[in-house]
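The values are calculated or read from the model by the stated rules, or taken from the named source; none is laboratory data. Just so it is clear, the model here is predicted, and its values are computed rather than measured. Ideal geometry is used to build each Cβ from the backbone, glycine not excepted, and the neighbour counts take in all protein chains shown. Note: areas computed on protein heavy atoms with side chains; ligands, DNA, RNA excluded. Shrake-Rupley method; radii C 1.70, N 1.55, O 1.52, S 1.80 Å.
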Amino acid sequence: MSDELDLGEAADFILSERPELSEDDVWAVLNELGAPPAKEQRKLALQLIASAAPQVGARTAKRILDEWAAYADLAEGPDWDD
């Protein structure tokens with residue numbers, strides 16, 4: 001991807017798709033990683049989150065990463081409007 005994804009937009013997207021998630025947890029994951037991990041790096045990303053943000057449970061972290069990946073796919077698609 002040529003342009004970095006906007007973390008604020010990513011957080012808004014994730015929270016709109018998963019309103020049950022804590023905003024603090026979403027931001028902890030986004031700030032820790034900075035960009036959604038590639039599929040092959042997901043296990044390492046979850047380990048990093050567990051170490052750096054232990055308040056974010058594994059299931060919650062997986063949900064956040066799933067929605068972040070969905071946001072990235074939409075943002076990279078040809079129909080994405082700024």
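For K39, indicate whether it is under 10 Å from the mean Cα position of the chain (by Cα) and open to solvent by 80 Å² or more (accessible area, probe 1.4 Å).
Here the answer is no, as K39 does not meet what is asked.
Of all residues in segment 42-82, how many are among the charged types (D, E, K, R) and open to solvent by less than 30 Å² (accessible area, probe 1.4 Å)?
1
What pairs come up if the first residue lies in segment 4-33 and is over 13 Å from A70 (Cβ atoms), the second is of a type outside the set (A, V, I, L, M) and open to solvent by less than 50 Å² (accessible area, probe 1.4 Å), and their beta carbons are under 8 Å apart, counting only those six or more places apart or on different chains?
As it stands, the answer is L7/G34; L21/T60; S22/T60; D25/T60; V29/W68; L30/W68, since those pairs meet every condition given.
Quick check on segment 12-28. Is at least one of its residues assigned to a helix (DSSP H, G or I), surrounded by 11 or more Cβ atoms within 10 Å (Cβ to Cβ) and among the hydroxyl-bearing types (S, T, Y)?
There is no residue in segment 12-28 that is assigned to a helix (DSSP H, G or I), surrounded by 11 or more Cβ atoms within 10 Å (Cβ to Cβ) and among the hydroxyl-bearing types (S, T, Y).
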